[in-house]
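The values are calculated or read from the model by the stated rules, or taken from the named source; none is laboratory data. None of these values were measured; they are calculated from a predicted model. Here the Cβ positions follow ideal geometry from the backbone for every residue, glycine too, while neighbour counts run over all protein chains shown.
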Amino acid sequence: MRLTRSLVALAVLAALALPTGCAGASDTDGTDGAAGGEPYLIGAVVSLTGTYAGLGVPEKQAIELEVARVNEGGGINGRPVEVLFEDDATDAAKAQAATVRLIEEGVIAVIGATGTGQTMAMRTDLERAGIPQISMAGGSVVTAEFSEWVFQTPWPNRVVVPFVLDRMAEAGYTEIGIISDTGGYGVDGRDIILASAATPGVTIVADEAFNPGDTDMTGQLTGIRGANPDAILMWAAGKEAAIIAKNMRQLNMEQPLFGGPGIARAEFIEGAGDAGEGVKLAAGKILVPDSYGEGTEPYTVASSFIERYTEAYGTAPDIFAGHAYDAFGLLADALGRIEGEATPEAVRDALEATTGWVGVGGTFSYAPDDHNGLSADDIVLYVIDDGTWRLDQ
Amino acid sequence: MGSAELLQYVIAGLKSGAIYALVALGFTLVYGSTGVINFAQGEFFMLGGMLSVFFYQMDLPLPVAGAAGVACTALIGVAFERIALRPRRDSGPLVLIIITIGGSMVLKSLARHAFGPNEATLPEFTAGPSLDFAGAAIERQTLWVWGLTLVAVLALTWLYRKTRFGRSMQACSLSHDAARLMGIDTARVVMVSFGLAAALGALAGLAVTPLTQTSWDVGAGAGLKGFAAAILGGLGNPVAAVAGGLLLGLLESLSIAFVSSTYKDAISLVVLLLVLFFRPQGLFGRARKEKV
Amino acid sequence: MSARASQIGVRALLTVVALVALAAPLLSGDRYLLKVLVFVGLNVIVIAGLALLFGYAGQISLGHAGFVGIGAYGSAYLVGSVGVPWLVGVAAATALAATGGLLLALPSLRLKGHYLAMATLGFNEIMYVVFREARAITGGNDGLGGIPFPEVAGFSIDTPAGVYLLVWGVTLVVVLLVANIVRGRPGRTMRALHGTEIGTLACGVDVVRLKVRVFALSAALAGLSGALYAHAVGFVSPATFSLEHSVAMVAIVVVGGTGSLAGPLLAAIGLTLLPYADALIPGLSKETVALMQDWEADIYGIAMIAVIVFAPAGIGGLLKRWRRVPGGGEAA
């Protein structure tokens, strides 16, 4: 009978699929090159689609660039490096599934994820498997909820916020209004602002929040305006930041606006337009390479990366590409230092022993209680001038 | 709180309220002629902004780009009605709702593929500083928003009351079958309703882009607010839709002032639920008796 | 072949499929595949409930992801933070979701069609705000991690195979339960309700009570699925329970077809597997998988519209048409 036949066929297919179902073909990178021998297998979970695609794509490009360079130069310890990319589509569940898959493939370390939520989602499986993770997400929680297996390359809020507050106090802005978003990054930033404002002598006179996806912050800014602050500090990473700058202009608010690395994006300048002029933000030195100090090693490293990235992809690398460059570079450096078999645990130990490794986000030194490796020396204050970033003197 | 500050909140509320009103008008239009809630209305709002940006980036002058964006969206609305809804127009409203839900998923996702994931903006229609009004600031673009909303409402009212087509639309909203029996081309009424609703949503999206930027995913939020406004005022009545929109905008703005800035979305949702549960015909609508 | 024989054939076949499903961990040690199949099973549980509510009783809900979230966060918090035993935590979370369903259903089910849709949509959005703001319980936007493994009678179920068996064990029980409801009196009443609510009322059926019960049951199943999800995956965040997921669930039931249970379940299996197709088809390239993931929402939306326009009875309708054809067409 037609029905039974078709259903039997289906069942047989299903039964066959199960035993043969193994992980699909991997997207490999950098296996061509002068290096030979068993490759080091590294996993990478990035957001290539979804909300964070604008951050994840530069990250992948930066890693691919570096992998090719390393392999063409003979690899590490004579062995090539292979990075298996997975797209988490800016979804925590997919990040987790991707992580399990990578663990199955036998990776010895995982770079990822692009976003804080996805990074946290990967942690449980990686900890259980005993595999080190290097995150490119900026939420403090990644290293505040400390795990011996998790490392982080961006400057965490607990480093950047005091830096910005210091600079604001130096400029004489001692009564400030703050506005932050309710996403992980914004909440984290606000908590640290409130906790550390007193140290440089700054008082918070207004404290407003908005949700990611909000399109109009004039309400919140009206409240802040009413408190008469000297300046406004904004902690957000998304399109809402540009709207805040515009709203301030619309409300005829004259106070200067300060922000963090979250707004170190070309989209902020484009979106804010004229309202972006004069906005000050703290971020890494890659935006204006001169800030590394001409002739210094960090300057050379950054310039080389900027040059190669621009040549390969047609645009200059942003801070997110920088975070990815650092993540892979730290791994490569750690692998090079391992004596004996490169087990995940050996990789972790080597990572933790990193001292003075020069990246583009800064110079990294990890320790058993510090998996961030950066300090306030790695950040500078920029001012947006004539549609681009300039160092604020 | 000073009077200038309060006035600022009121202005902000009326600004977003006007946007909600335009989107709500779209809901009301479609509901009036088809009895269907068009879940894709929010995506028409999004397309208005995104398509205008697309044309503007092709170096067309801003008014032309905006008009093209709105017109394109109207065409998409019409196409959607013809392709997806017309084949099933005699099925119950449940089926049609499902189709519009599917449509909204597709439109939103196609927009991401076509325009990318990043946000985009347009310059203000007339450049210049904000105007001062009794201590509060009004952006020039806000005046545009109010002006366009007023024009849209007037045009719709004229359409309904003074044109034959408008009367056909009213007939359809009372009873499809009776209208057909009277010789009205109900299919055309439905099609034009969709086109108009899409145009209204698109106009809102276009007008607000210089203020708030646009991106592929702004549709769901705008649609939800617009629907809440339509329900608050009362479905089926354009003036009620506008009133609902302005009221909702004010409610939100004042809740930022007096309650909490992050719960403002929840407040409009709670209002929506309360109206649905206790007065589904809206503030200005009449309770409809259901005939068996 | 006679109808009776075909019925036995179908039953035997389904038993075979069930046994194969349960034996999967023995046939394949691939942890990734097992994890993907766990997601499939969890979705089947929710869809079974939603098929009852929407497919049979004709009540639309755009808020079921909210109930999944209640179950997930509820169990995660009770077992993880409070330290309640696992079985109690899951049961309590399921009950919590059922109660939520009851509370939402009572005022909402008086509403018709689009009003009900909007009320449930509003519920989903409100739950999303709650999940984001109640940081003490839910961890806020960053999500809640470190959720403990399931633990039954002192044994911790911490291997992919173990979790798979647990989830699919529950899935099969749920499917049997729902199938029984469908075949029995409640199912017939629901179909009558869907066909004509007035008529059903006129027959003396307490329509309101039925609708509320079905809603609460479907909410409970969604909550159960959420609770199991939380412990299987170990991490939940508000984004997992957004409106888009509710809409996707409705899309699955639509594609599966109303008035059918097998249809929506097959649709659930197929559509859940879609973004993870490389787990089943070994040779599939990464680019193809990434492409499918990127176009997932489009596929759902287009499938939904296409089904309604061209094959309104969905997959279930196709299955029924097959079954009605006697003797393979050779003899009339």
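In this structure, does A:Glu148 turn out to be touching a Pro at 6+ places or on another chain (Cβ under 9 Å) and either more than 14 Å from chain B (Cβ to nearest Cβ) or not aromatic (Phe, Trp, Tyr) (or both)? Step through it out loud before you land on a result.
On the way: touching a Pro at 6+ places or on another chain (Cβ under 9 Å): yes; either more than 14 Å from chain B (Cβ to nearest Cβ) or not aromatic (Phe, Trp, Tyr) (or both): yes.
Against the criterion (touching a Pro at 6+ places or on another chain (Cβ under 9 Å) and either more than 14 Å from chain B (Cβ to nearest Cβ) or not aromatic (Phe, Trp, Tyr) (or both)), A:Glu148 qualifies.
From the list C:Ala222, C:Ala239, C:Ala192, which one is touching a helix residue (DSSP H, G or I) at 6+ places or on another chain (Cβ under 6 Å), of a type outside the set (Val, Ile, Thr), in a helix (DSSP H, G or I) and buried (at least 21 other Cβ atoms within 10 Å of the Cβ)? I'd like the intermediate steps shown before the answer.
Values: C:Ala239 fails: touching a helix residue (DSSP H, G or I) at 6+ places or on another chain (Cβ under 6 Å); C:Ala192 fails: buried (at least 21 other Cβ atoms within 10 Å of the Cβ).
Exactly one residue qualifies, and that residue is C:Ala222.
Suppose we filter the range A:206-255 for residues that are more than 8 Å from chain B (Cβ to nearest Cβ) and assigned to a strand (DSSP E or B); how many remain?
Selection size over the range A:206-255: 7.
Kindly indicate which of C:Val247, C:Val254, C:Val289 is surrounded by fewer than 24 Cβ atoms within 10 Å (Cβ to Cβ) and either touching a Gly at 6+ places or on another chain (Cβ under 8 Å) or within 14 Å of chain B (Cβ to nearest Cβ) (or both).
Values: C:Val247 fails: surrounded by fewer than 24 Cβ atoms within 10 Å (Cβ to Cβ); C:Val254 fails: surrounded by fewer than 24 Cβ atoms within 10 Å (Cβ to Cβ).
Answer to the selection: C:Val289.
Against the definition (more than 20 Å from the chain's Cα centre (by Cα) and crowded, with 24+ Cβ neighbours inside 10 Å), how does B:Glu124 come out, yes or no? First the steps, then the outcome.
Numbers: more than 20 Å from the chain's Cα centre (by Cα): yes; crowded, with 24+ Cβ neighbours inside 10 Å: no.
Spelling it out, it is not the case that B:Glu124 is more than 20 Å from the chain's Cα centre (by Cα) and crowded, with 24+ Cβ neighbours inside 10 Å.
Exactly one of these conditions fails for A:Gly340: (1) modelled with pLDDT of 90 or more; (2) more than 15 Å from A:Tyr292 (Cβ to Cβ); (3) surrounded by fewer than 21 Cβ atoms within 10 Å (Cβ to Cβ); (4) not basic (Lys, Arg). Give me its number.
Every condition holds for A:Gly340 apart from (1).
Restricting attention to the range C:215-233, does a residue exist that is at pLDDT 85 or above and within 14 Å of chain B (Cβ to nearest Cβ)? Working first, answer last.
Taking the range C:215-233 first, the residues at pLDDT 85 or above are C:215-232.
This time we only want the ones that are within 14 Å of chain B (Cβ to nearest Cβ), so: none.
No - not one qualifying residue is present in the range C:215-233.
Which condition breaks for A:Thr99 when tested against (1) away from chain C (no Cβ under 12 Å); (2) more than 24 Å from A:Pro317 (Cβ to Cβ)?
(1)
All but one of (1) surrounded by 22 or more Cβ atoms within 10 Å (Cβ to Cβ); (2) in a loop (DSSP other than H, G, I, E, B); (3) more than 14 Å from chain A (Cβ to nearest Cβ); (4) touching a Phe, Trp or Tyr at 6+ places or on another chain (Cβ under 7 Å) hold for B:Pro280, so report the exception by its number.
Condition (1) is where B:Pro280 drops out.
Would the range C:134-144 turn up any residue that is away from chain B (no Cβ under 12 Å), more than 30 Å from C:Arg213 (Cα to Cα), among the acidic types (Asp, Glu) and surrounded by fewer than 22 Cβ atoms within 10 Å (Cβ to Cβ)?
no
Tell me the residue from A:Glu38, A:Glu86, A:Glu59, A:Glu148 that is touching a His at 6+ places or on another chain (Cβ under 9 Å) and not in a helix (DSSP H, G or I), please. Show your work before the answer.
Numbers: A:Glu38 fails: touching a His at 6+ places or on another chain (Cβ under 9 Å); A:Glu86 fails: touching a His at 6+ places or on another chain (Cβ under 9 Å); A:Glu59 fails: not in a helix (DSSP H, G or I).
Criteria check complete, one pass: A:Glu148.
For the range A:173-189, name all the residues that are within 13 Å of chain C (Cβ to nearest Cβ) and under 13 Å from A:Ile232 (Cβ atoms). Give the steps one after another, and end with the answer.
So the first thing to find is which residues in the range A:173-189 are within 13 Å of chain C (Cβ to nearest Cβ), and the list is A:180-189.
The one that is within 13 Å of chain C (Cβ to nearest Cβ) and under 13 Å from A:Ile232 (Cβ atoms): A:Ser180.
Answer yes or no: is there a residue in the range B:236-248 that is within 21 Å of B:Tyr9 (Cβ to Cβ), within 14 Å of chain A (Cβ to nearest Cβ), assigned to a helix (DSSP H, G or I) and modelled with pLDDT of 85 or more. Let's see the steps before the verdict.
Of the range B:236-248, the ones within 21 Å of B:Tyr9 (Cβ to Cβ) are B:242-248.
After this cut, where a residue has to be within 14 Å of chain A (Cβ to nearest Cβ) as well, the list is B:248.
Filter once more, so that each one left must be assigned to a helix (DSSP H, G or I): B:248.
If we keep only those that are modelled with pLDDT of 85 or more too, we end up with B:248.
Yes: one or more hits.
Give the residues of the range B:135-159 that are within 15 Å of B:Asn237 (Cα to Cα) and buried (at least 20 other Cβ atoms within 10 Å of the Cβ), sorted by residue number. Steps first, answer last, please.
Kept after step one, since they are within 15 Å of B:Asn237 (Cα to Cα), are these residues of the range B:135-159: B:152-159.
Residues satisfying the conditions are B:Ala152, B:Leu156.
Do any helices (runs of 4 or more DSSP H) entirely within the range B:115-232 hold 1 or more residues that are closer than 26 Å to A:Arg225 by Cβ and hydroxyl-bearing (Ser, Thr, Tyr), and if so, which?
Values: elements: B:140-162, B:164-174, B:176-181, B:186-212.
Counting at least 1 such residues, we get B:140-162, B:186-212.
A:Arg308 passes all but one of (1) out of contact with any Leu (no Cβ under 9 Å at 6 or more places or on another chain); (2) under 24 Å from A:Ser47 (Cα atoms); which number fails?
Among (1) out of contact with any Leu (no Cβ under 9 Å at 6 or more places or on another chain); (2) under 24 Å from A:Ser47 (Cα atoms), A:Arg308 violates only (1).
For the subset of the range A:47-80 comprising residues that are β-branched (Val, Ile, Thr) and away from chain B (no Cβ under 14 Å), which member is farthest from A:Gly361 (Cα to Cα)?
Initially, the range A:47-80 is screened for residues β-branched (Val, Ile, Thr), giving A:49, A:51, A:57, A:63, A:67, A:70, A:76.
Going one step further and asking which of them are away from chain B (no Cβ under 14 Å), we end up with A:63, A:67, A:70, A:76.
Values: A:Ile63: 15, A:Val67: 18, A:Val70: 19, A:Ile76: 22 Å.
Checked the range A:47-80; the qualifying residue farthest from A:Gly361 (Cα to Cα) is A:Ile76.
Conditions first: (1) assigned to a loop (DSSP other than H, G, I, E, B); (2) touching a helix residue (DSSP H, G or I) at 6+ places or on another chain (Cβ under 8 Å); (3) at pLDDT below 80. A:Lys94 passes all but one, so which condition is the exception?
The number of the failed condition is (1).
Of these, C:Ala3, C:Ala23, which one is under 30 Å from A:Asp125 (Cα atoms) and either modelled with pLDDT under 80 or buried (at least 24 other Cβ atoms within 10 Å of the Cβ) (or both)? Before the answer, list the steps.
Values: C:Ala3 fails: under 30 Å from A:Asp125 (Cα atoms).
Answer to the selection: C:Ala23.
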